[in-house]
1. Run the simple label-point estimate for THR125 and ARG112 please: 7 Å along Cα→C-beta, distance reported in nm.
2. Under 8 Å for C-alpha pairs, at least 6 residues apart: give me the relative contact order for the chain, rounded to a whole percent.
3. Round to the nearest 10 and give me the degree value, 0 to 90, for the angle of helix 48-64's Cα axis relative to the longest principal axis of the chain.
4. Once the other residues with Cβ under 10 Å from the Cβ of THR123 are scored (Lys, Arg +1; Asp, Glu -1), what is the net sum?
5. Under unit Cβ charges (Lys, Arg +1; Asp, Glu -1), what dipole magnitude, rounded to 20 debye, does the range 12-130 have relative to its Cα centre?
6. Here are some values of Kirkwood radius over Cα pairs in Å: (1) 15.9; (2) 15.4; (3) 14.8. Which one was computed from this structure?
7. If you average the C-alpha positions of the range 6-27 and of the range 60-131 separately, how far apart do those two centres end up, in angstrom?
8. Identify, among GLY48, GLY101, LEU16, the residue whose Cα sits farthest towards the positive end of the charge dipole of the chain, taking +1 on the Cβ of Lys and Arg and -1 on the Cβ of Asp and Glu, with the dipole about the Cα centre.
Amino acid sequence: MTDSPDRFCDAPISRLVGFEVRPGGVGEAKVELQCGPQHHNPMERVHGGVIAALADAAMGIAFGRTLLDEEDFSTIEMKTNFLRPVKEGLIVAEAKVLERGLRIGFVQCTIRNARGKRVATATCTCTVISD
């Protein structure tokens, strides 16, 4: 794997939305978001796109942590299932690479609220891009 700093943990979108990336091992990631009114849709709940972006960030970081220095990747498919609404408070996305081949990987993510209740699940398929 890579000896360089974790290059997938400091994306501009993460700073914009407010994601906090926690340390993790190869093929794993934990990303947190303190939700507030700035993340709301017109119904005063956290917008589904914000939850999907949190899952995408966690899965991308998890997959990125499996890459060699000369490799990059792209998500080629993503699915999110929304299970319960969120108004405010901490939500935590935990992602894990379930399968990593030479060119394709499959990642799973669970997002929970501060009470540990599952808010959403997501999966994605990634492709490795080599120079």
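Throughout, read-outs are computed from the coordinates displayed, never taken from laboratory work. Nothing here was measured: the structure is a model prediction, and the numbers come from that model. Positions of Cβ are generated from backbone atoms using ideal geometry, with glycine treated the same way; all protein chains shown enter the neighbour counts.
1. A separation of 2.9 nm, rounded to one decimal place.
2. Relative contact order here is 27 percent.
3. The two axes meet at around 20 degrees.
4. Numbers: positive: LYS79; negative: GLU77.
Residues close to THR123 contribute a combined charge of 0.
5. Charge dipole, the range 12-130, about its Cα centre: 620 debye, nearest 20.
6. Structure-derived value, by its label: (3).
7. Cα centroid to Cα centroid, the span is 12 Å.
8. In the chain, that residue is GLY48.
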